[in-house]
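One structure is given below, encoded as structure tokens.
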Amino acid sequence: MLAADTVDPAGVRVTVAPPDPSAAGSAVTMTFDVAVADSDVGIHRAFDPYVAVLRVTFPDLDVAVRPSSLTLRFSYDQH
């Protein structure tokens, strides 16, 4: 996915937030912000197959598509 021709490697930002120790059952949250040189339609066309797999793996996946930008946010339990 990140090797796509329209993805600028310098425009990839990954943020990892650790679980909240005061909240029972808290999970690690991952956010991927990707700069993409394409329209929102082009982004969907190129990345929807990957997003479909991520939705199966991470049921809480949140996807934001804007022209020139794709943001994926999901969490996972470390257990």
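For a quick check of your reading: which strands (runs of 3 or more DSSP E) sit entirely within the chain and have at least 2 residues that are in contact with a Gly (Cβ under 8 Å, 6 or more places away or on another chain)?
Output list reads 28-36.
So residue 68 ticks every box in (1) hydroxyl-bearing (Ser, Thr, Tyr); (2) over 12 Å from the mean Cα position of the chain (by Cα); (3) open to solvent by 80 Å² or more (accessible area, probe 1.4 Å) but one. Which box is left unticked?
Residue 68 satisfies every listed condition except (3).
For residue 37, all conditions in the list (1) surrounded by 11 or more Cβ atoms within 10 Å (Cβ to Cβ); (2) within 15 Å of the chain's Cα centre (by Cα); (3) at pLDDT 90 or above hold save one; what is the number of the exception?
The one condition residue 37 does not meet is (2).
Quick grid of which residues meet (1) without any contact (Cβ under 8 Å) to a residue 12 or more places away in the chain; (2) surrounded by 15 or more Cβ atoms within 10 Å (Cβ to Cβ); (3) not β-branched (Val, Ile, Thr):
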{"position": "13", "(1), (2), (3)": "no, no, yes"}
{"position": "24", "(1), (2), (3)": "yes, no, yes"}
{"position": "54", "(1), (2), (3)": "no, yes, yes"}
{"position": "62", "(1), (2), (3)": "no, no, yes"}
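Within region 35-64, which residues are closer than 19 Å to residue 9 by Cβ, of a type outside the set (D, E, K, R) and touching a helix residue (DSSP H, G or I) at 6+ places or on another chain (Cβ under 9 Å)?
Of everything in region 35-64, just one residue is closer than 19 Å to residue 9 by Cβ, of a type outside the set (D, E, K, R) and touching a helix residue (DSSP H, G or I) at 6+ places or on another chain (Cβ under 9 Å), namely 36.
The values are calculated or read from the model by the stated rules, or taken from the named source; none is laboratory data. Fair warning: this is a prediction, and the values are worked out from it, not measured in the lab. Don't worry about glycine lacking a Cβ; one is built from the backbone with ideal geometry, like all the others, and counts go over all protein chains shown. Side chains included, ligands, DNA and RNA excluded: accessible areas come from the protein's heavy atoms. Shrake-Rupley method; radii C 1.70, N 1.55, O 1.52, S 1.80 Å.
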